[in-house]
Amino acid sequence: LGLQTLTGTALTNHPNYRLLAKFRYKVEGRMLDKWYDHGVTLHGAWTRLGLDRISQSTVMQSDAYKTYVRYVRRYDGQIYWHKNSIFEPPIEYGGSHAELMAKVKVWAAADRPKWYVKEMLQLEKATMKTDPDYKYYLKFLELRGK
């Protein structure tokens, strides 16, 4: 492709760069599909991508985090569409701030119902507003615009 020695804008402006980016995206998608097929949980993906070794202040700006959000989208889709069936993957509750923000962004983008988000955050009606994860529910509502 003639991209080996290029960097920065010279790389991204090259006519073959789009082809390379598309190829990388497809390879990444196949890798994520294999992870799902082998039962890799969300936290397992987090550690495989090395996100547990990146500081919390910069983790959300990394390329690995974008890959993680893509895996969350895939995994959450399976949870939502197979809810309460034998095909439902294991549900992981909690996580770091960045892990929970990835979930919140995916839920808002997918327009998940409020009951689903409350259940995924394990928010009980009686104690919901005092729960530490309530702020993520509020962020979900803000992102969804409702």
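FYI, it's all coordinate maths here, none of it is from the lab. Since the model is a prediction, treat every value here as computed from it, not as a measurement. Glycine gets a Cβ as well: all are built from the backbone with ideal geometry, and neighbour counts include every protein chain shown.
Trypsin sites (Lys or Arg not before Pro), restricted to segment 40-142: which are DSSP loop and have at most 13 other Cβ atoms within 10 Å?
Lys83, Lys125
Can you show me the helix-derived [θ] at 222 nm for the chain, built from DSSP H runs with n ≥ 4 at -39,500 (n - 2.57) apiece and divided by the number of residues, rounded to the nearest 500. It would help to have the intermediate numbers written out before the result.
On the way: 7 runs with 83 residues, N = 146.
So the helix-based figure for the chain works out to -17500 deg cm²/dmol.
Tell me which of Ala64, Tyr137, Pro90 sits at the most positive position along the dipole axis of segment 55-146, charges placed on C-beta atoms (Lys, Arg +1; Asp, Glu -1).
Projecting each Cα onto the dipole axis, the largest value belongs to Tyr137.
How charged is the neighbourhood of Tyr137? Take every other residue with its Cβ under 9 Å from the Cβ of Tyr137, and add Lys/Arg as +1 and Asp/Glu as -1.
Every neighbour counted, the sum reads +2.
Let me check against my output: what whole-number percent is the relative contact order of the chain, with C-alpha pairs under 8 Å and at least 6 apart?
17 percent
Under a point-charge model restricted to the Cβ atoms of Lys and Arg (+1) and Asp and Glu (-1), what is the dipole moment magnitude of segment 1-138 relative to its Cα centre, in debye to the nearest 20?
440 debye
So how do Asp37, Asp52, Asp76 line up by other beta-carbon neighbours within 10 Å, fewest first?
Working: Asp37 8, Asp52 12, Asp76 21.
The fewest-first ordering by Cβ neighbours comes to Asp37, Asp52, Asp76.
Contour minus end-to-end for Gln61 and Phe23, with contour as 0.36 nm per residue of separation and end-to-end as the Cα-Cα distance?
That pair, Gln61 and Phe23, stretches by 11.5 nm at full extension.
Taking +1 at the Cβ of each Lys and Arg and -1 at the Cβ of each Asp and Glu, which of Ala10, Ala109, Val40 sits farthest along the dipole of the chain towards its positive end, judged by Cα position relative to the Cα centre?
Ala10
With a 10 Å cut-off between alpha carbons and a GNM built on the chain, which of Val72, Val104, Val117 moves the most?
It is Val117.
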